[in-house]
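First comes the structure, then the notes that go with it.
Taken together, the values in this text are just the output of simple stated rules run on the coordinates, not laboratory data. Since the model is a prediction, treat every value here as computed from it, not as a measurement. Cβ atoms come from the backbone with ideal geometry, glycine included; neighbour counts cover every protein chain shown.
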Amino acid sequence: MSVSTMGINVKKVAKSRINQLDPNNIQFGKLYADHMLVAHYENGEWGQPEIVPFGNLSLSPATTFMHYGQAIFEGVKAYKDQDGNPLIFRPYDNWKRMNRSAARMAMPDVPEEIFVEGMRQLVSLDKAWIPTDDGTSLYLRPFMIATDEFIGVKPAEKFTFMIITSPAGPYYAKPVSIYVQDKYVRAFPGGIGFTKAAGNYGASMLPTAQIREMGYDQILWTDGFEHKYVQEIGTMNVFFVIGDTVITPELSETILAGVTRDSVITLLRNKGITVEERPLSINEIEAAYEAGTLREAFGTGTAASISHIAKLTYNDKCMELPAPENWTVSEWVKNELNNIRYGRTEDTHGWVVKA
Ligand code: COI
């Protein structure tokens, strides 16, 4: 029987934990909704997905992903429209990106019926957990791990795919301060920089801890050859507004193809704003800053949404960016995007999927 014909088993919680959710105090990634989706892959095929109460896993200490890092994930968000209907933003794009990560990490494709249909059913079941204030959402975290019980190094044959969900407020409470990294490297051509592999984030922990000690929120990674061209921020893609042009590094093997990045580019271009996807050197950014033409800088990501950059430090040079009243491009696109996500404006791009 194929996954599409076997449906999804649902085991509901005996008692919801929804009273733990305080809509006035939502912190990112602290509280998880009542249910989660689980599907196992074995003998070359996916078994029947299940929606079960959120809870711990029981795994052998020899489980492959814990040792060799065959683990990938995604980030998606669900919102509620004015009538309380749950809407998921661009799940098909995250599904496709997950399968690009899976291919590079020698993991199986996750079928649409499990990723998208499973997500819709999960969100629909836990729709009471979707907060409604502007800037809030239900963050959806699909992920896949290799689950062979074997500590020899070889591509695994057994995998588990899951989706857990968590009510989310803003990822960054205020505009971020960014340190331009020119010592450590995030990604090289031929590597896994374009994937959402857990190891990409694991390798960023030490450099991130170091810049946090110095009072910064995040790293802006530069290319591994010359440390000259900007790539992406630890949790976001990056955009600079120089003069009347919006510039973002072009996608490559070393940059994650952000779904929010793509949405922002599409909306800006539709508005008639020039967006250039091209190599952007830190020297060009510095020169624009000196000339007074660096008007705005912001990061984009599912978790972070659109986050303004307040300050950018490169070596000893600290570039304070113009104050909030100048953030015309990023504020416009943020509002436009939110209007689509919350169903307040017509979705002409087919981005919003009803749960
Ligand atoms: C996201 O934006 O969804 C991410 O996965 C980035 C980060 C929270 C790791």
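Taking other C-beta atoms within 10 Å as the exposure proxy, Ser263, Ser281 rank Ser281, Ser263 from fewest upward. Just Asn19, Asn99, Asn326 to compare: in a GNM of the chain, with alpha carbon springs under 10 Å, which one fluctuates most? Of the options given, Asn19 has the highest mean-square fluctuation. Excluding same-chain neighbours fewer than eight residues apart, the aspartates and glutamates reachable from Lys30 by a Cα-Cα span under 20 Å are Asp22, Glu74, Asp126, Asp133, Asp134, Asp217.
Take each of the peptides 295-305, 49-59, 107-117, average the number of other beta-carbon atoms within 10 Å over its residues, and list them starting from the highest.
295-305, 107-117, 49-59
Placing +1 on each Lys and Arg Cβ and -1 on each Asp and Glu Cβ, with no other charges, gives the range 2-169 a dipole about its Cα centre of roughly 260 debye. In summary, the lysines within cross-link reach of Lys158, defined as a Cα separation below 23 angstrom excluding same-chain residues under 8 places away, comprise Lys96, Lys196. Projecting the Cα atoms of Ile247, Val259, Leu312 onto the dipole axis of the range 208-355, where Lys and Arg carry +1 and Asp and Glu carry -1 at the beta carbon, places Val259 farthest toward the positive end. Estimated purely from DSSP H runs of n ≥ 4, each contributing -39500 (n - 2.57), the mean residue ellipticity at 222 nm for the chain is -6500 deg cm²/dmol once divided by its residues. Size descriptors for the chain (Cα atoms only): Rg and Dmax, in that order, 20.7, 64 Å. With the simple model of a label 7 Å out from the Cα in the direction of the Cβ, Asp133 to Arg104 spans 3.6 nm.
By the beta-carbon count within 10 Å of each Cβ, the least crowded to most crowded order of Glu74, Glu253, fewest first, is Glu253, Glu74. Lysines near Lys311 by alpha-carbon distance under 19 Å, same-chain residues fewer than 8 away left out - which ones? Within the straight-line limit of under 19 Å, Lys311 reaches these lysines: Lys174, Lys228.
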